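S.K.: What follows is a single structure, and I will ask about it in a moment.
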Amino acid sequence: MRLLLDLAITHIIGRGRQTLVAILGTALGVGFSIAMAALMQGGEDDFVAQLIDTMPHVQITDERRTAARQPAEDEFDAVAIAGLRPRDDRRGILNPTAAVAALSGWIPGRMSKSLKTQGVVRYAGQDIGISIFGVEPRQEARVSSIAQDFRQGSFDSLIAGGNNIVVGDSLAKRLGADLGTTVTLVSATGQTRAVKIVGLFHTGVTARDEGEGYVLLKIAQILSERPNAINEIRLKLDDPAAAPAVAKRAEALIGYKAVAWQEANESLLEAFVIRNIIMYTVVGAILLVAGFGIFNIVSTITHEKARDIAILKSLGFEARDMRRLFLLEGLTLGLAGSLAGWLLGFALCFGLSQVELHISGGTVGREITKLPLTWSPWHYLIAAGFALAAAGIAGYLPARQAAKLNPVDIIRGAT
């Protein structure tokens, strides 16, 4: 095998210009494949991290998976009941104390209960619709990402006394209000209450910074005329991957709909899978094109070294040795291109990681300051694997042809 490797390297070096072109083609394919994979994987990881950080891992609401059975369906033995209008029920999660107690005994993480309602914030002649979250501040700070995004104040400011609210800085700017400004909250039931802004947060998500406000749970219950009610329980788990199992168990335990973050974003996660398939298909195509360069040089060497093949066979080398020789030449070119591609890919990734973007959060969903990249050895190994596979195929075809050559015909000049 050592002799065959020496012969393969000698053949490759003998055609320096073609060898360099084949190696550069493979290196470019590998390098750009690594950079593209790092960018796409980085974007996916960054997006999933944002999902995990900005939303609860499991969200339990006062909904049911299936509609509640109506009393008339139990009372009358009818094939079908039409035109039955269910009674309006705004009670939220029934017996919330028992529900929270049942969950707190085994949940592997933190929990917060809240009452979410819709309303309008009014100031200086302006009315802006917002989602009002009634929370218990210390619990909410343990599960909400907003707790780390306050520009002024904090959730604890809600406890200071009086009727207080914390809002997004973009909402305050739209209203022309600031920290300490008193605004009026109007609920969907028509209840109004003057509240003072005691905190400003900035998440970078426009919908949240312009459309959310947090008050004490008791104030939200009064505004919505739902005393002692809650309609959401949010869970932040120690292991986000365990969310589906936790949601399934919680739903079976208390009967209310529990949605894991994976279920809530199922279509997005499926889109990422499809995107990855497309990415690796493109990577394979790039490296397959690079393989044509290797095929060209090995085919040329096979044709030019026909007499050398005849001499080697006459010295006792077998057909399988010829296959190995030219297959080694293809794999050597692929390996050299892969190593050069690793260096190029690392340089591209490093250069891209230094690019800074200054995008205003007012026109996009989230502010980005740097390109998200994922540094993974798997990107290098997968790209090299594609390159070596293409090189192996490109080297095998001429190698098989070389193995079939008859040394007697070559020496006589028949071919």
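The values are calculated or read from the model by the stated rules, or taken from the named source; none is laboratory data. Just so it is clear, the model here is predicted, and its values are computed rather than measured. Glycine also receives a Cβ, built like all others from the backbone with ideal geometry; neighbour counts cover every protein chain displayed.
S.K.: Looking for something free of Cβ contacts under 8 Å to residues at least 40 places away in the same chain and surrounded by fewer than 17 Cβ atoms within 10 Å (Cβ to Cβ) - is there at least one such residue anywhere in region 198-220?
M.R.: no
S.K.: If we keep just the residues of region 254-282 that are among the aliphatic types (A, V, I, L, M) and surrounded by 15 or more Cβ atoms within 10 Å (Cβ to Cβ), which is farthest from the chain's Cα centre (by Cα)?
M.R.: The extreme case among them is ILE254.
S.K.: Would you point out which residue out of ALA177, ALA229, ALA207 is in the same structural domain as THR117 (by TED's automatic domain parsing) and closer than 20 Å to LYS113 by Cβ?
M.R.: Result of the check over ALA177, ALA229, ALA207: ALA229.
S.K.: Consider GLU251 carefully, then state whether it is over 32 Å from the mean Cα position of the chain (by Cα) and either outside the structural domain of GLY125 (by TED's automatic domain parsing) or free of Cβ contacts under 8 Å to residues at least 40 places away in the same chain (or both).
M.R.: When the stated conditions are applied, GLU251 does not pass them.
S.K.: Condition first: in contact (Cβ under 8 Å) with a residue 12 or more places away in the chain and either assigned to a loop (DSSP other than H, G, I, E, B) or more than 23 Å from ALA194 (Cβ to Cβ) (or both). Now tell me which residues in region 117-145 satisfy that.
M.R.: ALA124, GLU136, ARG138, GLN139, ALA141, ARG142, VAL143, SER144, SER145
S.K.: Quick check on this structure: which one of ALA141, ALA147 is modelled with pLDDT under 85, assigned by TED's automatic domain parsing to the domain that holds PHE201 and in contact with a helix residue (DSSP H, G or I) (Cβ under 8 Å, 6 or more places away or on another chain)?
M.R.: Of the residues listed, the single one that is modelled with pLDDT under 85, assigned by TED's automatic domain parsing to the domain that holds PHE201 and in contact with a helix residue (DSSP H, G or I) (Cβ under 8 Å, 6 or more places away or on another chain) is ALA147.
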